[in-house]
Amino acid sequence: MKTVRFLTLGCKLNFAESSELGKQLLAHGFVRAQPGEPATVCVVNTCSVTDAADHKGRQAIHRIRRENPDALLVVTGCYAQLKPQEVADIEGVDLVLGQQEKFSLVDFIQRLEHHEADKINNTRTVDLRRFFPSASSDDRTRHFLKVQDGCDYYCTYCTIPMARGRSRNATIGSVVEAAEDIVRQGGREIVITGVNIGDFGRTTGETFIDLLRSLDEVQAPEGLRYRISSCEPNLLTEEIIRFVAASRHFAPHFHIPLQSGSDDVLRIMHRRYDRALFASRVQTIRQLMPHAFIGVDVMVGCVVRRT
Ligand code: SF4
C-alpha cells in the first residue's frame, strides 16, 4: 500500500497547497501514513522567506529522512524554487519540484519510479504564469482557500516575488465554487489566502472587493465566517473595510503588514504607503468595528544605507 507523509513549513498558502497535493495522491491510491509508520513517499513543502526558514527546511528534510529511511523524498516550495541545486545536494533528497511542477506530483513520482525523471524539475520564476487553485481540507472547520499567487511589489527586503513569480489569480467564479464546496463539506471558517491578495484580479480584470462581495452572497448556514488573511495597507481600501463592517459573513479580522513606523524606512523598503495612510486605515476600522482584531507585522533592526 502506498503511503504518504507531508511536512509543511511556512505560510497558509503552503498549507493550502500541501493539502491540495495530498488530495491528488489520495485520488491515486495513496493513503496517509499513520503516526510513527514509515511512509512510501514523503513530501517536504518548504519556505524561504528568511535564511532561518531555509535552515528549518534542511532540518525538516534530515528529520523526515531519518524517520522514513526507505521513502521517496520529494522537496518542493519556495526553498526548492529559489535554490534547487542546494536542495538537491542535501543528502537523502530524491526529487526537487518547483512551484509549477509540484502540481504534477503524481506524474513525477511515477516517472521517477521508472527512472524517467530528472532530480531537479523547475520552471524559471520569470516564466511562472499559471494559477493553480488550492484549498485545504485537513481541518474539519477551518479551511485555507488560495485565491491569488505571486507578487509584483518587489519590496527591497523580500524574496517572495523571486520564489513565487508575478501576481496572478483565480477567477471569482472558481473561488465561489471552491467556497461552496467547502461549505458542503461542513467547513465553517474560510481563510482567504495568497501572497498579495489585495492585488487579486491582476490577471482576470476583476477586483478584490468584487470577490469579497461574491463570497458573502454564497448560500451558507448561519455561522459561516470568512477571514481575510493578510492585506497590504494600500490595498485594504476604505471601501473594503466598510464592506467587512456591513457584511454577513466576514469576520472583523485584519492583518496589515506595517513593517516600519518610519516614512524614511518605508521608502527604503519600497513600501507603497506611509504612516498617515496606515493610521487612517486603523482609524476607520476602529470607528466601524471597535471590537475588530488588528494584527500587524513590524520589522526591527538597523537599516544599512548603501552609499
Ligand atoms: S508585498 Fe509582500 S510578498 Fe510582495 S514583495 Fe512586498 S513583502 Fe514581499
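The values are calculated or read from the model by the stated rules, or taken from the named source; none is laboratory data. These numbers were taken from a predicted model, which means no experiment stands behind them. Ideal geometry is used to build each Cβ from the backbone, glycine not excepted, and the neighbour counts take in all protein chains shown. Just so you know, the surface numbers come from the protein's heavy atoms only, side chains and all, with ligands and any DNA or RNA stripped out. Shrake-Rupley method; radii C 1.70, N 1.55, O 1.52, S 1.80 Å.
Of all segments of the chain bounded by GluC sites (Glu not before Pro) found in a DSSP loop with no more than 14 other C-beta atoms within 10 Å, the longest spans 117-216. When the helix-only estimate is applied to the chain (DSSP H runs of n ≥ 4, each -39,500 (n - 2.57), divided by the residue count), what is the mean residue ellipticity at 222 nm, nearest 500 deg cm²/dmol? Estimated from H runs of four or more residues: -10500 deg cm²/dmol.
Exposed loop sites are taken as trypsin sites (Lys or Arg not before Pro) in a DSSP loop (any state but H, G, I, E or B) with at most 15 other beta carbon atoms within 10 Å; the longest stretch of the chain without one runs 3-118. Restricting to the chain, what percent of DSSP beta bridges are antiparallel, rounded to 5? Taking every DSSP beta bridge with both residues in the chain, the antiparallel ones total about 10 percent. Using the Cβ-Cβ distance between Asp274 and Tyr154 with R0 set to 25 Å, the FRET efficiency works out to roughly 0.85. Assuming a ≥ b ≥ c are the square roots of the Cα gyration tensor eigenvalues, decide whether the range 91-163 counts as rounded (a/c under 1.5), prolate (otherwise, with a/b larger than b/c) or oblate. Note, shape of the range 91-163 comes out oblate.
If you take all other residues with their beta carbon under 14 Å from the beta carbon of Cys47, and give Lys and Arg +1 and Asp and Glu -1, the sum is +3. Taking label points 7 Å from Cα along the Cα-to-Cβ direction, Arg188 and Asp51 give a separation of 4.6 nm. Note on Lys102: lysines with a C-alpha under 19 Å away, same-chain residues under 8 apart excluded, are Lys2, Lys12, Lys23, Lys83, Lys119, Lys146. Shown in residue order for the range 24-31 are the 3J(HN,Hα) couplings computed by the Karplus curve 6.51 cos²θ - 1.76 cosθ + 1.60 at θ = phi - 60°: 4, 5, 4, 6, 10, x, 7, 10 Hz (x for Gly and Pro). With both residues required to sit in the range 118-258, DSSP beta bridges show an antiparallel share near 25%. Length gained on full extension, Ser137 to Met1, computed as 0.36 nm times the residue gap minus the Cα-Cα distance: 46.7 nm.
Summarising the amide proton neighbourhood of Gln99: residues at separation of 5 or more, or on other chains, whose placed amide H is nearer than 5 Å comprise Thr123. Suppose all protein chains stay in the model; what accessible area per residue would a 1.4 Å probe give for the chain, in Å²? Per-residue value: 48 Å².
Phi angles of the range 240-251 translate, via the Karplus equation with coefficients 6.51, -1.76, 1.60 and θ = phi - 60°, into HN-Hα couplings of 5, 4, 5, 4, 4, 4, 9, 6, 7, 10, 8, 5 Hz per residue; Gly and Pro are given as x. Around the amide H of Gln259, modelled in the peptide plane, lie the amide H atoms of Asp297, Val298, Met299, all under 5 Å away and 5 or more residues distant in sequence or on another chain.
Between Gln85 and Val126, what's the calculated FRET efficiency when r is the beta-carbon distance and R0 is 22 Å? Round to 0.05. After rounding to 0.05, the efficiency reads 0.80.
Can you bin the range 3-123 into rounded, prolate or oblate? Criterion: square roots of the alpha carbon gyration tensor eigenvalues sorted a ≥ b ≥ c, rounded for a/c under 1.5, prolate for a/b above b/c, oblate for the rest. Taking the square roots of the gyration eigenvalues as a ≥ b ≥ c, the range 3-123 is rounded.
The alpha carbon gyration tensor of the chain gives principal lengths a ≥ b ≥ c with a/c of 1.5 or higher and a/b no greater than b/c, which makes the shape oblate.
With a Förster radius of 30 Å applied to the beta-carbon distance between Glu238 and Val265, the computed FRET efficiency rounds to 0.75. Using only the alpha-carbon atoms, how far is helix 172-184 inclined from the longest principal axis of the chain? Give it as 0 to 90 degrees, nearest 10. Helix 172-184 and the main axis of the chain meet at about 70 degrees.
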